[in-house]
1. Filter the GluC sites (Glu not before Pro) in the range 248-315 to those in DSSP coil with at most 12 other Cβ atoms within 10 Å of their Cβ, and list the result.
2. Tell me the carbon and sulfur percent of the accessible area for the range 167-221, rounded to whole percent, probe radius 1.4 Å.
3. Ordered by packing density, taken as the mean number of other Cβ atoms within 10 Å over each peptide's residues, highest first, how do 327-334, 150-157 rank?
4. Could you tell me the calculated FRET efficiency between T285 and S153, based on Cβ-Cβ distance and R0 = 22 angstrom, to the nearest 0.05?
5. Which trypsin sites (Lys or Arg not before Pro) in the range 246-324 sit in a loop by DSSP (not H, G, I, E or B) and have at most 13 other Cβ atoms within 10 Å of their own Cβ?
6. What length, rounded to one decimal in nm, is gained on full extension from E275 through to Q27, with 0.36 nm per residue of separation minus their alpha-carbon distance?
7. Quick one: pull the percentage of alpha-carbon pairs in the chain with a separation above 30 Å.
8. Express the Stokes-Einstein translational diffusion coefficient of the range 196-338 in µm² s⁻¹, to the nearest whole number, given a Kirkwood radius over alpha-carbon pairs, 37 °C and a viscosity of 0.692 mPa s.
Amino acid sequence: MEKKKSKVLIIGGTGGLGFHLAQLSLQSSHPTFVLNRDSSSVSSSSSSSDPTRQQKIHSLSTAGATLLKGSLEDEKSLIEAVKQVDVVICAIPSKQVLHQKLLIRAIKQVGCIKVHFCIFDFLFYVLCIHTGKIFQRFIPSEFGADPDRTQISDLDHNFYSRRSEIRRLIENEGIPYTYICCNLFMSYFLPSLFQPGLNTPPRDKVMIFGDGNTKGVFVKDSDVAAFTISTLDDPRTLNKVLYLRPPGNVYSMNELVDAWERKIEKKLEKIYVSEEELLKKIKETKYPDNMEMVFIYSIFIKGDHTYFDVESSGGVEGTKLYPHLKYTTISRYLDTLL
């Protein structure tokens, strides 16, 4: 007999990634709940009239999602929402990462997510399955580079340290988790080929950072959602970091430029920007305008996406766990920019 699918609560379900998560959760037959901000609250009054957001809410509701009124600022609504589900996925904007603290407190208070069992996690999971129970977990809002492994703490204005703070809180509370490290969404900087200030790929000259050989990892947000939903009832991802390094999506700057040149059938003038020059520019540019260059420094100078081995670090790699999942390669994505 096929085991029951876990009940899933999506927080941030009308955002870019959150909407994909909710759609794929429904398509995977998970009973899906979406936290819908209380329109009577001051913090959400402007968003309640956003037609795009309302269209997404209507689409999810029509597809079978259960809408639960509440917000990350309302502990009572969070407790009531968490009581109804087995898994919580948070997909909120980066600037709101610390707003998950109240959610973590609600999860702990409800107690529907078990205390950490260390080396007995897998056996406990199997026991839950055989007794008809579905094991629960929390997937916090990360979906980027591993915050515990980035090497830019002096430059990122606590962008990653806030994520690490949430991780430690989850672990200290004994809440089972899966952390999703997809590194970088394709839609962020790939449309400009990582050229600061541009919105489209260069056609004449291109800046290459460092020696151009350090590799980054780039994944489409809908593909990140597919890998995330696949982890929900999978004991192999329990209390693990799921990294995404899809073959065909791990590229250096030199490789990106070469791929683009082949697409447009033209050689570009290459301007190499040294580490020192990039650091100087970062420090001369005010925050937050310098964050694009900070991420470029992290990816292509420090190698924060790829400098460590996934398995020896204790993590798992998504395309190895779920080889059946199809995803968009960088080559296919570049085709859309022509």
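1. Numbers: sites: E255, E261, E265, E269, E275, E276, E277, E284, E292, E311; in loops: E265, E311.
Passing sites in the range 248-315 are E265, E311.
2. Details: 980 of 2060 Å².
The C+S portion of the solvent-accessible surface of the range 167-221 is 48 percent.
3. On the way: 327-334: 17.9, 150-157: 15.8.
Answer by packing, highest mean first, reads 327-334, 150-157.
4. Numbers: r = 18 Å, r/R0 = 0.83.
My answer for the efficiency is 0.75.
5. Numbers: sites: R262, K263, K266, K267, K270, K280, K281, K283, K286, K302, K320; in loops: K266, K267, K286, K302.
Answer in residue order: K266, K267, K286.
6. 84.8 nm
7. Details: 22017 of 56953 pairs.
Every Cα pair in the chain considered, those over 30 Å come to 39 percent.
8. Working: Rh = 16.9 Å.
Roughly 194 µm²/s, to the nearest whole number.
The values are calculated or read from the model by the stated rules, or taken from the named source; none is laboratory data. Fair warning: this is a prediction, and the values are worked out from it, not measured in the lab. Please note: Cβ atoms are built from the backbone with ideal geometry, for glycine as well, and neighbour counts cover all protein chains shown. Quick note on the areas: whole protein, heavy atoms, side chains included, nothing else; ligands and nucleic acids left out. Shrake-Rupley method; radii C 1.70, N 1.55, O 1.52, S 1.80 Å.
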